[in-house]
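Down below is the structure, laid out as structure tokens.
The values are calculated or read from the model by the stated rules, or taken from the named source; none is laboratory data. Since we're looking at a predicted model, the values are computed, not measured. Note: ideal-geometry Cβ built from the backbone for every residue, glycine included; neighbour counts use all protein chains shown. All accessible areas refer to the heavy atoms of the entire protein, side chains included, with ligands and DNA or RNA removed. Shrake-Rupley method; radii C 1.70, N 1.55, O 1.52, S 1.80 Å.
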Amino acid sequence: MKLYNTTISGNCYKIRLLLSFLRLDYEKVNINLKAKDQKKVEFLALNPLGQVPVLEDHGIYLRDSQAILCYIAREYDVEQLWFPLEPMLMAHVLEWLFFANQNIASSLAAARAFYLVNKPHVQIEHATEQAYAVLEMMNQHLSEQDWLVGRRATLADIACYPYVAMAHQGKIELDQYPYVQAWLRRFEQLPNFIELNS
Ligand SMILES: N[C@@H](CCC(=O)N[C@@H](CS)C(=O)NCC(=O)O)C(=O)O
């Protein structure tokens, strides 16, 4: 398995987290976003959207961190715990994967990109306002349960963790969200948890 990857990307981090939790071996191919490697012809052949992460397995290329998480979990999680088979639990996990790709991406991730890599097109006031709405919603949900879905960590938690954990890089404060903070600490205690830079 080969992961086309950029260390600081929260979307790539999601994949590295799951691969670590499942103790799977893989090769990392570093893509330099500053040098625009992701827009070069060779990379566009792997992902026409010109974005990381991309996963190669069995000669097939997959794009989008949420899709890649689902693939790895189905293919390699022998117990099928990270992406439950039970229909209602599976659908709830998907709710959070879409939430990560839409609500978190356009708020917490966008604010981080604005301050960290000077993304010019981000409307920072709007992204900030949306980030606090996301945190409010997650805090309410996590006041009633330890994990986003069911009674253990799933792909839902992996997909939502990185950009919430890195909220401060987008000048978003977590002080008012104790249940979100407790969930972050709980996630970090999982066996084989890794930091962003590893
Ligand atoms: N929905 C995609 C978004 C991927 C994405 O936004 N990737 C960023 C890095 S986090 C990227 O490659 N940016 C470079 C660019 O768009 O040129 C996913 O979840 O994988």
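Segment 91-198 holds helices (runs of 4 or more DSSP H) entirely within its bounds, and those carrying 2 or more residues that are over 22 Å from Leu81 (Cβ atoms) and open to solvent by less than 10 Å² (accessible area, probe 1.4 Å) map to 124-142. Scanning segment 11-42 for residues that are closer than 15 Å to Ile72 by Cα and small (Gly, Ala, Ser) returns a single hit, Ser20.
Residue selection: Arg23 fails the criterion of being closer than 27 Å to Gly170 by Cα, not assigned by TED's automatic domain parsing to the domain that holds Ser106 and not aromatic (Phe, Trp, Tyr).
Restricting attention to segment 18-38, the residues that are of a type in the set (A, V, I, L, M) and more than 22 Å from Gly59 (Cα to Cα) add up to 2. Counting only residues that are open to solvent by 20 Å² or more (accessible area, probe 1.4 Å) and within 23 Å of Leu81 (Cα to Cα), which one in segment 22-55 is nearest to the ligand (Cβ to nearest atom)? Selected residue: Tyr26. When restricted to residues that are under 12 Å from Gly10 (Cα atoms) and among the hydrophobic types (A, V, I, L, M, F, W, C), segment 96-125 contains 7.
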